[in-house]
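Each remark here refers to the structure printed beneath this line.
The values are calculated or read from the model by the stated rules, or taken from the named source; none is laboratory data. Note that the structure is a prediction, hence the values are computed from the model and not measured. Methodologically, a virtual Cβ is constructed for each residue, glycine included, from the backbone with ideal geometry; neighbour enumeration extends over all protein chains shown. Each accessible area value is taken on the protein alone, full model and side chains, heavy atoms only, with ligands, DNA and RNA left out. Shrake-Rupley method; radii C 1.70, N 1.55, O 1.52, S 1.80 Å.
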Amino acid sequence: MRRLSLWMRAHPVFGDSLIAGFLAMFDLLAMVAATDMVRASTLFFVGMLLVVPVVFRRKYPRASSYTILGAGVIQLFTHGGLDGGYPLRPADFALAVALYTMVAFVGRRPAMVYAGWLALGTVVWAAWRIQATTESVFFVFVIAVIFGFSWALGEFVGARRAYHSELEQRLKLLETERDQQARIAVGEERSRIARELHDVVAHAVSVMVVQADGAGYAIRSNPELAEAAVRTIADTGRQALTELRRLLGVLRSEDQSGTQWAPQPGAADLAELTENLRTAGLPVRLETSGSLDALPAGLGLGVYRIVQEALTNTLKHAGSGASATVRIARLDDRVELEIADDGFGTPHDLVAVSGGNGLIGMRERAGVLGGSLEAGPNPGGGWRVRAVLPLAPS
């Protein structure tokens with residue numbers, strides 16, 4: 001039964017055709033009662049005008065309803081009382097169906113106009129065709145009950161249709177909001193991965209370029225120094241490949257359980273980072289105060305990446321002979337970073353060469369962690385990056 005109900009709901013013309021068929025079948029009794037062919041022909045014509053529009057009432061609700069009303073008017077002025085006999089015929093129930101259709105599918109205000117025409121027709125029919133008897137009053141009462149029931153049923157069905165329509169709209173809005181949130185999440189993840197790739201590749205390539213230049217100058221005069229530089233290039237390249245494989249593994253893997261996660265660097269790895277840069281030819285002094293080992297993982301990674309990017313920019317743009325100082329202080333509620341160098345690079349040089357991606361990435365990292373970052377030239381020369389990162393997000 002449920003499948004039949006769903007199928008009929010999906011094919012409304014079939015169900016309406018059944019209703020029209022039942023009305024037409026029972027209306028044949030009125031035609032059989034006719035005494036002549038002219039009377040029967042008139043009954044048949046008016047009956048078809050009443051019944052046939054029921055088939056199309058959902059596709060063309062207003063047109064079919066007023067066609068049925070017009071057929072009722074024709075019947076009223078031709079044979080409304082059936083020669084003084086039974087004052088109602090089965091096809092007349094099409095008027096109640098039309099009223100229900102107007103309420104449920106067109107609207108309350110147009111349905112009130114339609115109901116007014118029905119009421120006027122009923123009054124005229126009662127005045128012309130029925131005498132003031134108890135039976136006549138009973139028939140008028142029955143018609144009023146039928147029309148009232150049709151109105152109430154139309155209100156109920158119309159309210160349900162409006163509720164389902166609103167529910168569908170809400171579901172569409174929720175789906176749109178979900179899709180937008182998914183796009184935002186994808187964009188944030190792409191930005192995060194882009195920052196990671198930039199930090200890994202820019203740092204490694206900068207170290208490798210500096211070491212390759214040094215090896216090229218020292219290959220004849222100091223082969224041992226050139227060999228050490230080449231080893232540094234190889235080690236840096238391996239580390240960069242490891243990081244890249246890790247990031248690409250996250251991108252390619254659909255099942256996180258199958259991804260090989262490598263430990264993320266943190267504040268405790270800054271000593272190794274500065275040592276690698278010293279080996280690459282950039283003198284770096286690391287000064288820390290407070291315990292950095294117990295920093296949250298995300299904050300520790302942010303500290304490491306900001307220091308790494310700032311020192312990479314120093315290595316690329318500060319010039320030969322420059323040195324850098326990294327100061328990290330853990331206070332009660334925040335971590336303060338300062339990376340300063342004494343090179344001759346300018347902000348214009350930094351943006352022109354790197355495209356500003358390093359500065360953008362550092363600011364984004366600080367913003368994600370709820371902190372702030374300033375970068376600019378030192379009053380005494382060189383470049384300085386200063387960041388303040390809260391221990392707990394605000």
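Once the Cβ-Cβ distance of Phe77 and Val113 is raised to the sixth power relative to R0 = 25 Å, the FRET efficiency obtained is 0.75.
Across the protein chains, with a 1.4 Å probe defining accessible surface, the residues Val210, Val123, Val284 rank Val123, Val210, Val284 from largest area downward.
In this label model, Leu244 and Leu28 are separated by 8.6 nm, measuring between points 7 Å along each Cα→Cβ vector. Within the assembled protein chains, the solvent-accessible surface assigned to Arg334 is about 80 Å², based on a 1.4 Å probe.
Taking the Cα-to-Cβ direction at Glu227 and at Arg58 and moving 7 Å from each Cα, how far apart do the two end points lie in nm? Computed distance between label sites Glu227 and Arg58 equals 8.9 nm. Residues Thr78, Thr274 ordered from highest to lowest accessible area at a 1.4 Å probe: Thr78, Thr274.
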